[in-house]
Amino acid sequence: MYAKISQIEYYLPQKIVTNEDLAKENPEWDFSLIEPKTGIVARHITDRHERASDLAVRSAEKLFQKRQIETDSIDALIFCTQSPDYVLPTTACILQDRLGLPISTAAFDLNLGCSAYIYGLAVASSLIKGGVSERILLLCAETYSKYVSDTDRTARTIFGDAGTATLIERSNNNKSIGPFVLGSDGKGYDKIIVPEWNLGSDNNDKMAENSNRRLYLDGAAIFMFTMQRVPKCVNELLEKSKNTIDDVDLFVFHQATKVVIDNIVRILSLEESKVFRGYEKIGNTVSASIPIALKQVENQNLIKRGDLIMLVGFGVGLSWGACLIQW
Amino acid sequence: MNSKVDINIEREVCGIIENALDLEAGSISIEDSKKTIEQWDSLGVLSILGALEEKYGNEITSINDLPSAESVKDIVEILKSHKII
């Protein structure tokens, strides 16, 4: 028994914040220096009362509509987020109800960031292979903008909000998802951190003064981790799957920023034509970045049936993961 | 007094930083730092680290104090202390 990705959809909040907008608000931010490094010119940002669950619902509804899916047929819902609606309960349960999924649905959150989609695929694929589930909705949604201080030049220019929905189903052929390489290094837990819980939209003004409720990002340390870990992770997966770099038709990395992907490409000596970049108008959307990139790849006809794609997520945790999918 | 070897090493590191930050060759010295180089900001440092990795190899990625280096001198000292240069 195998698992396959049947459909991906995504939703971006209506509000777009461009670099020009940020420059007007922060005249001291020099985008002639920033933009060439990030490669990002705009990002979508949630409204004050818009939560991660809202983004997830929008993307799931889009998927149901496009694929004409009966909600009764979903037997598991995995929600990847680091910006849940509440401390408790798990947002996945709220989503089960809002999406009208049957109460027989297994619903749970995965609290991971940039590696979350890979972990979500690993869990979903295992549930299917183990005979526990047949049709799984893997949702990813982030509202990091609510954690980012208005004056944080690095984080504010990088992160965007987004939601995605991926349908994962049982497949009878082995051209599917896997194998996987997963890993963690908690020694770097404080390199990307929100030290205190941020409850979301309602109390945002009161919390703005408290830096412990804002995102701290040590970009340089994370960058070193990326240069050290991602190439190793890619090579481990190639070895595990008995493939070479040439066997892979397309690499879809977590869409961190231009400078990060540039250096991964350089270290691994990858052909630029085999590396997808989709951050320009969306930014770094954390757990949503890989599924959005995959959908962009599909929309731009950059892949054909049977192509071998490597997905690689890495970041907050520190955590990383990579897998192969046969399209 | 710095030896000729030291001066060459310093010049090499300055050159790497100049290239990474798209600065004119010879425009920075061992005395320069984040405070004197506008381009050496929170994103510019990523280009510097990438360029150092390209020149000296992946082992520099395990040097924990390198990301927080504040000056050219700091970088040279850190690389020397780890026997990278």
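The values are calculated or read from the model by the stated rules, or taken from the named source; none is laboratory data. The structure displayed is predicted, hence computed values, not measured ones. Cβ placement follows ideal geometry from the backbone for every residue including glycine, while neighbour counts extend to all protein chains displayed. Accessible surface is based on the protein model in full, side chains and every heavy atom, while ligands, DNA and RNA are left aside. Shrake-Rupley method; radii C 1.70, N 1.55, O 1.52, S 1.80 Å.
By the Cβ rule of 4.7 Å, the protein assembly as shown holds the following cysteines without a possible disulfide partner: A:93, A:114, A:233, A:323, B:14. Here the relative contact order of chain B, from alpha carbon pairs under 8 Å that lie six or more residues apart, stands at 32 percent. Contact residues in segment B:26-47 (at least 50 Å² less accessible area with all protein chains than alone, 1.4 Å probe): B:43, B:46. With springs only between Cα atoms under 10 Å, which of A:187, A:37, A:129 fluctuates most in a Gaussian network model of chain A? Most flexible of the set in this elastic network: A:187. From the Kirkwood radius over Cα pairs of segment B:42-85, Stokes-Einstein at 25 °C and 0.890 mPa s returns a whole-number translational diffusion coefficient of 236 µm²/s.
Could you tally the net charge around residue A:61, taking each other residue with its Cβ under 10 Å from the Cβ of residue A:61, Lys/Arg +1 and Asp/Glu -1? Write down the numbers at each step before the final one.
Values: positive: A:58, A:62, A:66, A:98; negative: A:9.
Local charge sum for residue A:61: +3.
Ranking A:33, A:22 from most to least accessible surface, computed with a 1.4 Å probe over the protein chains only, gives A:33, A:22. In whole percent, how big is the carbon plus sulfur part of the accessible area of chain A, probe 1.4 Å, protein atoms only? C and S fraction of accessible area: 47 percent. Springs between Cα atoms under 10 Å define the GNM used for chain B, and in it the highest mean-square fluctuation of B:52, B:23, B:43 occurs at B:43.
Put simply, the Cα atoms of chain B extend 29, 28, 19 Å along their principal axes, the longest span coming first.
Which value, in Å², gives the accessible area per residue of chain A when a 1.4 Å probe is used on the protein heavy atoms?
Working: 13450 Å² over 327 residues.
With all protein chains present, chain A gives 41 Å² per residue.
In debye, nearest 20, what is the charge dipole magnitude of segment B:3-81 about its Cα centre with +1 on Lys and Arg Cβ and -1 on Asp and Glu Cβ, if you could check? Charge dipole of segment B:3-81: 160 debye, to the nearest 20.
Only one residue of A:139, A:327, A:87 has its Cα farthest out toward the positive end of the dipole of chain A, where Lys and Arg carry +1 and Asp and Glu -1 on Cβ, and that residue is A:327. Of all DSSP bridge pairs formed entirely within segment A:72-174, close to 45 percent run antiparallel. For segment A:50-148, the fraction of C-alpha pairs more than 19 angstrom apart is 39%. Counts of other chain beta carbons within 10 angstrom of each beta carbon in peptide A:224-234 average 3.
With all distinct Cα pairs included, what does the Kirkwood hydrodynamic radius of segment A:222-327 come out to in Å, to one decimal, could you say? Could you put the intermediate results ahead of the total?
On the way: mean 1/r = 0.0725 Å⁻¹.
Roughly 13.8 Å, rounded to one decimal.
Would you tally the net charge around residue A:93, using a Cβ to Cβ cut-off of less than 13 Å, leaving residue A:93 out, and scoring K and R as +1, D and E as -1? Could you put the intermediate results ahead of the total?
Working: positive: A:98; negative: A:85, A:97, A:109.
Combined, the nearby Lys, Arg, Asp and Glu give -2.
What the pair-distance distribution of the protein assembly as shown shows, using all Cα-Cα distances binned every 10 Å from zero, is 5, 22, 31, 24, 12, 4, 1, 0 percent. Projected onto its three principal axes, the C-alpha set of segment A:269-327 covers 34, 25, 22 Å, listed from the longest axis down. When chain A is treated as a GNM with alpha-carbon contacts under 10 Å, the residue of A:290, A:40, A:16 showing the greatest mean-square fluctuation is A:16.
Placing +1 on the Cβ of every Lys and Arg and -1 on the Cβ of every Asp and Glu, with nothing else charged, gives the protein assembly as shown a dipole about its Cα centre of roughly 1220 debye. Considering only A:267, A:111, A:215, whose Cα is most displaced toward the positive end of the charge dipole of the protein assembly as shown, charges sitting on Cβ of Lys, Arg (+1) and Asp, Glu (-1)? Farthest towards the positive pole: A:111. Per residue, the convex hull spanned by the Cα atoms of segment A:9-81 measures out at 127 cubic angstrom.
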